[in-house]
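The values are calculated or read from the model by the stated rules, or taken from the named source; none is laboratory data. Note that the coordinates shown come from a computational prediction; the quantities given were computed from them, not determined experimentally. Please note: Cβ atoms are built from the backbone with ideal geometry, for glycine as well, and neighbour counts cover all protein chains shown. These area figures cover heavy atoms from the full protein model, side chains too; ligands, DNA and RNA do not enter into them. Shrake-Rupley method; radii C 1.70, N 1.55, O 1.52, S 1.80 Å.
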Amino acid sequence: MKSFLPNFHAVVFGASGGIGAAMAMRLAEMPNCARLTLLGRDLAKMKETCPAADTTDIHMLQADICDEASIAQAASELGAHLHDDAPLQLFVNTSGILHEEATGLQPERSMRHLSVEAFQQVFAINSFGPALLIKHFLPLMPRHERAVFGSLSARVGSISDNQIGGWYAYRASKAAHNMLIKTASLEARMKYKQAVIIGLHPGTVATNLSEPFKGNVSPEKLFTPTQSADYLLDVMDNLTVAQSGSVFAWDGQEIPA
């Protein structure tokens, strides 16, 4: 990535998921990514999908986005092994939830389907978790070098772009996510002069999250995880400090609030 130092450190949270694993693979292939840390709840799955790399030092740590203690522990372990010769310049959160078979969670088609349990589950992963990642990992990033914190959002989190309704919990959780990103960016600019904190819309990607809905998407608009990862890495590589606090789609276009 041309906007980062020749020996930067990257972190991918949710590295066992489709987009996270693809992003880890791409970062491991980059000559200037000297160190790569993969974070997630399932260490065994991360080991299965962990990329082989000739030039990148890869480490894995366990953390659950719904458990602040585990996030704090992972940040502490990561901080203890940071080196000035490989600053943490990129952090990407690829976690997210729309539906879950085990709990019966499904995006709501009507307000009749709303439940406190669904809101709590979706907000924990899509809103509260990313905010806690910023809380614990942004302090590990450089204050006077370029630092990019990207977190997966969704176009349906845009309030002004909501024309069809539905998906109450998911839409609201992503709108809250985007507000948290904006608010964190305003606070961070005082200490982290070159920090870019942004939300990212990956497009519709052939992963477990979009599996039940991909039949409604034309083939040319359904991305593989690798395609989406490539697009998002390119977007993050080209954003400026002035664009911090906003949400950007896979094609680099800003998504309205």
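Dividing the mean sequence gap of close Cα pairs (under 8 Å, 6+ apart) by how many residues the stretch 5-152 holds gives a relative contact order of 26 percent. Taken over the chain, lysine pairs spaced eight or more positions apart, or on distinct chains, with alpha carbons under 22 Å apart number 10. Computed over the chain, relative contact order equals 19 percent, with contacts defined as Cα pairs under 8 Å that lie 6+ residues apart.
Report P(r) for the stretch 1-158: all Cα-Cα distances, bin width 5 Å, range 0 to the bin holding the largest distance, values in whole percent. Calculated P(r), rounded to whole percents: 2, 9, 18, 21, 19, 13, 8, 5, 3, 1, 0, 0. For ALA124 and ASP54, the FRET efficiency from 1/(1 + (r/R0)^6), where r spans their Cβ atoms and R0 equals 51 Å, is about 0.85.
With contributions of -39500 (n - 2.57) from each DSSP H run of at least four residues, the per-residue ellipticity at 222 nm computed over the chain stands at -10000 deg cm²/dmol. Karplus-based coupling profile of the stretch 150-162, in residue order and whole Hz: x, 9, 5, 10, 7, 4, 5, x, 6, 5, 5, 9, 7, with θ = phi - 60° in 6.51 cos²θ - 1.76 cosθ + 1.60 and x standing for Gly or Pro. Would you work out which of ALA172, LEU39, ILE19 lies farthest towards the positive end of the dipole of the chain, given +1 charges on the beta-carbon of Lys and Arg and -1 on that of Asp and Glu, about the Cα centre? Of the options given, the answer is ALA172.
Distant-in-sequence amide contacts of THR204, defined by a placed amide H-H separation under 5 Å and a gap of 5 or more residues or a different chain, comprise PHE223.
If R0 is 30 Å, the Cβ-Cβ spacing of SER218 and ILE159 corresponds to a FRET efficiency of close to 0.70.
Taking a probe of 1.4 Å, how large is the accessible area per residue of the stretch 171-218, in Å²?
49 Å²
If you average the sequence gap of Cα pairs under 8 Å that are 6 or more apart and divide by the length of the stretch 60-139, what percent do you get for the contact order? About 40 percent, as a whole number. Between HIS144 and ALA206, the distance separating the two model label sites (each 7 Å from Cα on the Cα→Cβ line) works out to 4.8 nm.
If we count every other residue with Cβ under 12 angstrom of MET236's Cβ, Lys/Arg +1 and Asp/Glu -1, where does the sum land? Overall, the nearby charge balance is 0. Only protein atoms count toward the accessible area here, which uses a 1.4 Å probe; on the stretch 88-214, the carbon and sulfur part of that area reaches 56 percent. Among rounded, prolate and oblate, which fits the stretch 90-146 when a ≥ b ≥ c are the square roots of the eigenvalues of its C-alpha gyration tensor, a/c under 1.5 means rounded, and a/b larger than b/c means prolate? Prolate, since a/c reaches 1.5 and a/b exceeds b/c.
Near ASN93, the amide H atoms lying under 5 Å from its own belong to PHE13, GLY150, SER151, LEU152; only residues 5 or more places off or on other chains count, and H is placed 1.01 Å from N.
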